[in-house]
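The values are calculated or read from the model by the stated rules, or taken from the named source; none is laboratory data. All figures in this text were calculated on a predicted structure; none of them were measured in a lab. All Cβ positions, even for glycine, are placed from backbone atoms using ideal geometry, and neighbour counts span all protein chains on display. Protein only, heavy atoms only, side chains kept; ligands, DNA and RNA dropped before computing areas. Shrake-Rupley method; radii C 1.70, N 1.55, O 1.52, S 1.80 Å.
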Amino acid sequence: MTSTSPDRTSTSESAAGDTTPTGTEDRNRYNPAELEPKWQKRWESDGLYRTEDHEPGKDNWYALTMFPYPSGDVHIGHWFAYTPADAHARFMRMQGYNVMHPQGFDAFGLPAENAAISRGIDPHKWTLSNMDNMRRQFKLMGASYDWSRELATCLPDYYRWNQYFFLKFFEKGIAYRKDGPANWCPKDQTTLANEQVKDGECERCGTTVVRREMPQWFFGITKYADELLEMDQIDWPEKIKLMQRNWIGRSTGVTIGFDVSEYLSDTSAGTRIETFTTRIDTVYGVTFVVLAPEHPLAAKLTQADRKTDVDAYIDNARRQSEIERTSTEREKTGVDTGAFATNPLNGEKVPVLIGDYVLASYGTGAVMGVPAHDQRDFVFATKFGLPIRVVVAPEGWNGEALTEAYVAPGTQVNSGEFNGISSVDGKEMIADKIEANGWGQRTITYHLRDWLISRQRYWGTPIPIIYCDHCGTVPVPEQDLPVILPDNVEFTPTGQSPLTLIEEFVNVPCPQCNRPSRRETDTMDTFVDSSWYHLRFTSPATLEEPFDTGRVKQWVPVHQYMGGAEHAVMHLLYARFFNKALRDLGFVEFDEPYTRLFNQGTLTKDHMKISKRANPLNPEPIVERFGTDTLRCYLMFLGPWDQGGDWSDQAINGVSRWLNRTWELSLRDTSVLPNNGDPDAERDLDRIAHSVTGRVIADMRQFKFNTTMAALMEYTNELGRVWEAGKVSSKAWAEAIERLLLHVAPLAPHIAEELWEQTGHSYSVHQQETPTWDEAKTVSDTETIVVQINGKLRDQLDLPAGVSQEQAIAAALKSEKIQRYTDGAQIIKEIFVPGRLVNIVVRPGK
RNA sequence: GCCGAAGUGGCGGAAUGGUAGACGCGAAGGUCUCAAAAACCUUUGGGCUUACGCCCGUGUGGGUUCGACUCCCACCUUCGGCACCA
């Protein structure tokens, strides 16, 4: 199953310390291949990481990583995401928290279906066997997962609750059905996921994909837009918050109607073109109005002589894919309707055009064209020979024509009664006037659309709806849940959902009237699954309800969520929405699902994305050669976790060496050390030991694994020197080693456990607490004071700790090196930074 | 185009406005060895100097400050996200 690279077995690369001259030394050699599986088994059989809902005297800490899709292999990217997260969870456990660290599988999705189509494998079996394989590979990480909580979203025990929530949402109007766009391949006669569309073409057959409107299911996330913008309660990276804000894209402006009644024979779609603008101050500069091709008034307004052209244009726009239409590269196109609209402010009649740069889905689907103050309108007007009228004058403008749109604020001109005032004030005054006259009103619009959850796919949660000719859209009664996804289905080569072909699935009696009806064959977006899995982890075995409310209360909101930034606006926004919807339905009491969020970066190799084909990097050979602990530590050491990093085959040696050094240092025969140590030497050792703990605690809390590792490496280097000096007692030495092992434990759990045992401690190191430290013990008797002349380093002095300003400056002025600069010069200023430096500012004298 | 992050030795990277380059890799020299590997020790930003030392140096150009990798302004480059949003 797992492919092994052929060259690896033949090379004679030896594991660290591989060659062993004698059998007696063998026993004390660091051998991860032996001890890692040993401890993994022990931890598992002891249930060391099984979490209770309550531990007396401890606060709960829910450490969650974004669960993986079961693609089949745990790759190095998984290791980079999951092992530092595990180290943090372990650290929090040692900080005295009752930590829950679960893991599961986000098991619905397209790849399973692709495997089914291309290789004829059943998605169900494919997914479950991938999960088995990945579970085994995950266990190589030595992570502190509580596997008793494992869940997989493709199992009916899980997805039935998707259906349950769907029904609750439907009842409340949060789930609703309307026409929505889908990517349609005309050749394969199927809809495609966005991932299946490559450069506007069907990934399978290369046919140009078109947009097709069809009835689909939505979740009403936009109702929560304003609440989703509030992010004061959550401790998330500013970057992610910003991306969410931009995605929600709230903009305030004015909706204003342009009367077109005299050009309409059919007024069923109204008599005004409603437009939305954020720049109502420019309304006197409107010289045309543009409708989206899908706008209901587009056809109705078209005058007889323009009909042929307009019909052709609209038809053509419909053929274009979304990708083509929204490409900014593309030249703007448009067509005249022959109709005119009246600007209510100045009574002017301006032409109405249709242009596909106007999007039906944003704002009102119509824009007022102000070419002087909007660059797109400027380009459009130039192309169609429409007038460009300046109404907000740049400073110093004297009536010359513009070469591009002027978008900044200015002074109102050509604006009737508003002439001469600033456009900032004009915005408000004009809006007031429009509202007073009933021409329009202030409006808020959002970039965020409702969440389209329908997928015309097989491998997902069936949507629990039945369509009856008599009763209409009928929800599946709760007691009939789950609607089971049928097994053993046939996949057509086109990728059309097999659900539509299964008679016994589709044809069902109406739950209300019992007449023959048809079941919904769309399934749900997999982001539905991942919107609430963190709740299910608290009580994964519960059968009667989606989760145990009492247990959720003890664990959620998740204290620490960790995962990639690629989910900034999809998963993370959907999960926040889902939580708020569940709250409004009474399922949970809190407002946000994830209190803290940390995003790791991406791991690269040779500064390129790691990919199976072009740039492979398999964790298993690395584990075989160096051990899990080395791999874990190296991934944490190679750079700041949030910035990702670049893999180096060479640099991992350094970490391997360090663990070997840790091993060797810990197992030294302490009987050669004195019983009574030298007090000065022991005070020095204390200083080193306490300051390393201070650094480790501060850095681990903030996910700064690389500097944690650096601090521990410095510590082992120091310990080597301390041993050489031979002045500390065996007791002091043993304490120093104990401290080392406790700090290593979260990072390299296996070696720490083994050494903990071998140094005479009782199982398990992972149930110990982080060592304490005393700030007072970290200060030394002397401190190095840097002496600068005019900010440049000229000397260093070792002075007693806590030296006063006067003493320090006096000592500095006594220094020969300093006198070279002060002799004959005028001292202007002396600066003293306690514990750091003296800076003497001189002017070269005469 | 807009938004965001980042630019530091040969390499990965470290530095509450206060000794730039911690820690590690690599490299060079050495110890051990018949030899090699491993391990250990020393050196390792550039330039000048016999030496004490001195000068330069954190993408570029300015600025603030006694003192700037760090703060401010402008620009360049790379990466990530969004993109005809009215």
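Taking every alpha-carbon pair within region A:239-365, the share separated by more than 24 Å comes to 34 percent. Heavy-atom accessible surface of region A:205-348, averaged per residue, reaches 46 Å², computed with a 1.4 Å probe. Against the main long axis of the alpha-carbon atoms of chain A, helix A:749-758 sits at an angle near 20°.
For A:Phe105, nonlocal amide neighbours, meaning residues 5 or more places apart or on other chains whose placed amide H falls under 5 Å from its own, are A:Leu151, A:Ala152, A:Thr153.
Close amide H pairs (under 5 Å, H built 1.01 Å from N) link A:Gln216 with A:Lys178, A:Asp179, A:Gly180, residues at least 5 positions away or on another chain. Our coupling estimate for region A:176-186, obtained by passing each phi through the Karplus curve with A = 6.51, B = -1.76, C = 1.60 and θ = phi - 60°, is 8, 10, 7, 5, x, x, 9, 7, 10, 9, x Hz, Gly and Pro reported as x. Of the GluC sites (Glu not before Pro) found in region A:748-816, the ones in coil according to DSSP and having at most 15 other Cβ atoms within 10 Å of their Cβ are A:Glu769. Among A:Ser804, A:Ser45, the order of accessible area from largest down is A:Ser45, A:Ser804, computed with a 1.4 Å probe on protein heavy atoms.
Quick one: Debye curve from the alpha-carbon atoms of region A:649-777 only, equal weights, vacuum; give me log10 I(q)/I(0) at q = 0.12, 0.13, 0.19, 0.22 Å⁻¹ to two decimals. Here the Debye-derived log intensity ratios amount to -0.44, -0.51, -1.13, -1.47.
Just flag the trypsin sites (Lys or Arg not before Pro) in region A:611-667 sitting in loop per DSSP whose Cβ has no more than 16 other Cβ atoms within 10 Å. In loop regions of region A:611-667 (DSSP not H, G, I, E or B), the sparsely surrounded trypsin sites (Lys or Arg not before Pro) are A:Lys612, A:Arg613. Ranking A:Leu603, A:Leu155, A:Leu543 by solvent-accessible area of protein heavy atoms (1.4 Å probe, all protein chains present), from largest to smallest, gives A:Leu543, A:Leu155, A:Leu603. Expressed to the nearest 5 percent, the antiparallel share of DSSP beta bridges inside chain A is 75 percent. Coupling constants for region A:548-561 follow from the phi torsions by the Karplus curve (6.51 cos²θ - 1.76 cosθ + 1.60, θ = phi - 60°), and in residue order they are 7, 4, x, 6, 4, 4, 7, 10, 10, x, 4, 6, 9, 9 Hz; glycine and proline get x. Return the carbon/sulfur percentage of the accessible area of chain A, one whole number, probe 1.4 Å, all protein chains in place. Carbon and sulfur: 48 percent of the exposed surface of chain A.
Listed values for region A:401-410 are Karplus-derived 3J(HN,Hα) couplings in whole Hz (6.51 cos²θ - 1.76 cosθ + 1.60, θ = phi - 60°), namely 6, 7, 9, 8, 4, 9, 9, 7, x, x, and x replaces Gly and Pro.
List the lysines whose Cα lies under 27 Å from the Cα of A:Lys727, skipping any in the same chain that are fewer than 8 positions away. Answer for A:Lys727, where 27 Å is the Cα cut-off: A:Lys777, listed by chain and number.
Taking the Cα atoms only, what angle lies between the long axis of helix A:679-701 and the longest principal axis of chain A, rounded to 10 degrees? Its long axis makes an angle of about 10 degrees. Shape call for region A:355-448 from the C-alpha gyration tensor, a ≥ b ≥ c root eigenvalues: rounded (a/c under 1.5), prolate (a/b greater than b/c) or oblate? Taking the square roots of the gyration eigenvalues as a ≥ b ≥ c, region A:355-448 is oblate. With helices as the sole contributors, chain A gives -10500 deg cm²/dmol at 222 nm; each DSSP H run of n ≥ 4 counts as -39500 (n - 2.57), and the sum is divided by every residue. The residues of region A:556-601 have, on average, 27 Å² of accessible surface per residue, using a 1.4 Å probe with all protein chains present. Per residue, the convex hull spanned by the Cα atoms of chain A amounts to 256 cubic angstrom.
Assuming 1.567 mPa s and 4 °C, estimate D for region A:251-445 with Stokes-Einstein, Rh taken as the Kirkwood radius over Cα pairs, in µm²/s. Roughly 76 µm²/s, to the nearest whole number. Taking a cut-off of 18 Å, what percent of all Cα-Cα pairs in region A:570-625 are separated by more than that? Summing the P(r) tail past 18 Å for region A:570-625 gives 60 percent. Region A:660-684 and region A:143-182 have Cα centres spaced 58 Å apart. If I fit a long axis through the Cα atoms of helix A:123-139 and take the longest principal axis of the Cα atoms of chain A, what angle between them do I get, 0 to 90°, rounded to 10? That works out to roughly 30 degrees. DSSP beta bridges confined to region A:90-233 are antiparallel in about 95 percent of cases.
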